[in-house]
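The values are calculated or read from the model by the stated rules, or taken from the named source; none is laboratory data. Quantities reported herein were computed from a predicted structural model and do not represent experimental measurements. When we count neighbours, we look across all protein chains shown, and the Cβ atoms used for this are built from the backbone with ideal geometry, even at glycine. The area values use the complete protein model at the heavy-atom level, side chains included, leaving out ligands, DNA and RNA. Shrake-Rupley method; radii C 1.70, N 1.55, O 1.52, S 1.80 Å.
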Amino acid sequence: MIKPLVSVKTITYNHLPYIKDCIEGVLMQKTNFSFEYIIGDDCSTDGTVDIVNEYAQKYPHIIKLVSSQNNVGAWQNDRRTTNACKGKYVAVCEGDDFWTDTRKLQKQIDFLEANPDYGMVHCDFSNKIGRILVRNVWKSRQIPQGDVFQELVLENFVVTATVCMRNDLLQEICINRAGKTKKWIMGDYPLWLEIASRMKVGFIADDMATYRVHANSVSHNLDLEGSYKFFMDRYDIKRYFANEYGAKHLNSTIEDNYHKELLKFSIFMKSSNLRKQCINHYNGSEKKRFFLWSLFAKYSILDPLFNLLYFLKQKFKLRESL
């Protein structure tokens, strides 16, 4: 078999309503190079693996199924799927997302081939929230390109389904990833940061993928406590990379952003301890610009107003993207 230039990687678990869209989005790619499609199924119980097997039998020269007799968890499923990728480049699309541009791979590989100092490229995307489709999510944003490590520490603007990266870099990082010992819930964000700390990152403004927001996804099917754990994990990642990768000067901004979000959880979770943490942060002499935040932290009588402002902010962000 001729070694493919690109490996497309999908990890899936109980994605029965979505997996066909995911697979079809990969198979429709029009390229002037060969690619393989590695699908890692973690012992789905809803019939997902049956659909994957049907496609694998129909496209044996493209699709390879990676699985086992027992559920191994998302981390190990991702690792074994990554190990199976033989291409020079690896593109990612998880089982509940899908690609929408037939030339997504071609555009991204053309970019990486022409820019050897770039380790990864991503693109604009759509959000599918139930029946609502929000196109070109980043159209009103100037997404950083090039040496983006510091910007990426402050904000994760990379969506997994939009990514294509160099496989040698991916394999090197996966051997010694901090997430192995840190046990972070989020696996992708640390990987983007590892890549950005080593090489440049590119961005293509074309909307070429769709990210689903649905009740069964790991990051959205969470109660308040679960969301809080994700939030804490995210900031642990930010602090780790800022401190370990020469960006300690970002810590002040990280802490300001952390306490802004912490105030939300302190109010929603009705936690006096979290409120005190926010008050202590805002009361610093250099934090006078957080006067309004301090009022919300101090006075629970203002909670309904905070809830209303938060709701309006979320609605505005959605409408801004339509």
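Using the structure shown, list the pairs from Lys104/Lys248; Lys238/Lys313; Lys86/Lys200; Lys139/Lys313; Lys229/Lys313; Lys30/Lys64 with a Cα-Cα distance above 26 Å, or answer none. Walk me through the numbers before you get to the answer.
Details: Lys104/Lys248 36 Å; Lys238/Lys313 24 Å; Lys86/Lys200 22 Å; Lys139/Lys313 18 Å; Lys229/Lys313 22 Å; Lys30/Lys64 19 Å.
Going by Cα-Cα distance, Lys104/Lys248 fall outside the 26 Å limit.
Determine, for each peptide in 267-277, 144-154, the mean count of other beta carbons within 10 angstrom over its residues, then list the peptides with the highest first. Could the numbers behind the result be given before it?
Values: 267-277: 14.7, 144-154: 18.0.
Highest-to-lowest ranking by the protection proxy: 144-154, 267-277.
Grab the eigenvalues of the alpha-carbon gyration tensor for the chain, scale each by 5, take roots, and send me the semi-axes largest first in whole angstrom.
After scaling each eigenvalue by five and taking roots: 37, 22, 19 Å.
Spelling out what I want: for every residue of region 85-94, take phi, set θ = phi - 60°, compute 6.51 cos²θ - 1.76 cosθ + 1.60 (Karplus), and round to whole Hz; glycine and proline get x.
Using θ = phi - 60°, the values come out as 6, 10, x, 5, 10, 10, 10, 10, 8, 6 Hz.
Only bridges whose two residues both fall in region 69-221 count here: according to DSSP, what percent of them are antiparallel, nearest 5?
Given both bridge residues lie in region 69-221, the antiparallel proportion sits at roughly 50 percent.
Out of residues 5 or more away from Tyr59 or on other chains, whose amide H comes under 5 Å of its own, with H placed 1.01 Å from N in the peptide plane?
Those lying under 5 Å, H to H, from Tyr59: there are none.
What whole-number distance in Å separates the alpha-carbon centres of region 22-64 and region 111-125?
Cα centroid to Cα centroid, the span is 24 Å.
Compute the FRET efficiency between Asn136 and Lys107 as 1/(1 + (r/R0)^6), taking r as their Cβ-Cβ distance and R0 = 22 Å, and round to the nearest 0.05.
0.90
To the nearest 500 deg cm²/dmol, what mean residue ellipticity at 222 nm is calculated for the chain from DSSP H runs of n ≥ 4 alone, each contributing -39,500 (n - 2.57), summed and divided by the residues?
On the way: 13 runs with 148 residues, N = 322.
Counting only the DSSP helices, I get -14000 deg cm²/dmol.
Heavy-atom accessible area per residue, the chain, 1.4 Å probe: how many Å²?
Numbers: 16070 Å² over 322 residues.
Heavy-atom SASA per residue in the chain reads 50 Å².
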